[in-house]
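One structure is given below, encoded as structure tokens.
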Amino acid sequence: MAATEIFLPARDYDLAATLDSGQVFRWLKENHSWTGIVENNFVRLTQKPGGIFAETAMPHKNWNWLRNFLQTEIELEKILKTFPDDKPMQNAVAACRGLRILRQEPWECLASFILSSTKQIVQIRQIVSQLCECFGKPVIVPSGELPAFAFPSSEKIASLTEAQLRGCKMGFRAPHLLIAARQIAESKFDLGKIRELNYSEARAELMKLRGVGEKIADCVLLFAYGFDSAFPVDVWIERALQQLYFPRRRASEKRLRRFAATHFGPHAGYAQQYLFHYIRTKLN
């Protein structure tokens, strides 16, 4: 039977760490809950013992779309056991245990990280929020909730002008987003094809898009496509690697990347997210 609420069992899940760890930019904390949009559905999530309580504006019979987004059914313990057995990683896991890598819709993830270039998380949230309010379709919300909007499609953004996008305070990122949207909307680039490629091929393919370098490509592969070996390196991760693994000598960016590529195992991207959240929230 269709319902507007469900309890999703999830062992060892930290909802706040997951939604506030720089993977996604549209979730708002309201008292003890978080509200956001998943696949054009308004969702309110609340951490409960043993899992997550979810509420939506519209009834659903099948909740696999939300289970998949939240990754509630993965065995986190198995992933954590693949992490290197060193003190920095132990401390990061102890501080952030329960953090999950979400599984996002590829276009929204890609566009959001194109907009993230050289911006802090609070600024990215503001830009993405304004983009959705200006150009996203309204979604149905429960009575008493503020209006909410879907993320605008690549076709919608492709139809806009650079000036319209700059009106959302995205600056030099506007032409990058516009051209990437047009590449996808005009079928010159197939986001669906990425799933069929290995990591190296997928990374190279994404980097053909305007505004996508190594870091953005790795973020999209990790957060939208489930390539757990992708290890995005930004200033926070460089700081974490330098501070935690090379405290006595300055390591070059090349050295840090080579170290990251070999040290963190098959779920290196997961390890990266723990280090990222740890350095940003616990050690900063």
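Here are the numbers for this structure:
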| item | result |
| --- | --- |
| Sequence of E238, E73 when ordered by accessible area, the most exposed leading, probe 1.4 angstrom | E73, E238 |
| Packing-based ranking, highest mean first, of 13-25, 135-147 given that Cβ atoms within 10 Å are counted | 13-25, 135-147 |
| Region 136-181, accessible area per residue, ligands and nucleic acids excluded (1.4 Å, Å²) | 50 Å² |
| Stokes-Einstein translational diffusion, region 27-94 - Kirkwood Rh over all Cα pairs, 1.002 mPa s, 20 °C, in µm²/s | 150 µm²/s |
| Heavy-atom accessible area ranking, 1.4 Å probe, most first, across M1, M207 | M1, M207 |
| Whether region 125-284 is rounded, prolate or oblate, judged on the alpha carbon gyration tensor where a/c under 1.5 counts as rounded | prolate |
| Gain upon complete extension [K169, A16; 0.36 nm per residue less C-alpha separation] | 52.3 nm |
| Spatially proximal lysines relative to K193 (Cα-Cα < 23 Å; intrachain offsets below 8 disregarded) | K156, K208, K215 |
| Protein accessible area in region 194-284, 1.4 Å probe - carbon and sulfur % | 46 percent |
| Efficiency of FRET from Cβ geometry, R258 and K61, R₀ 51 Å, rounded to 0.05 | 0.55 |
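The values are calculated or read from the model by the stated rules, or taken from the named source; none is laboratory data. If you're wondering where the values come from, they're calculated on a predicted model, not measured in any experiment. Using ideal geometry, Cβ is built from the backbone for each residue, glycine included, and neighbour counts are taken over all protein chains shown. Remember, those area values only see protein heavy atoms, side chains included, never the ligands or the DNA or RNA. Shrake-Rupley method; radii C 1.70, N 1.55, O 1.52, S 1.80 Å.
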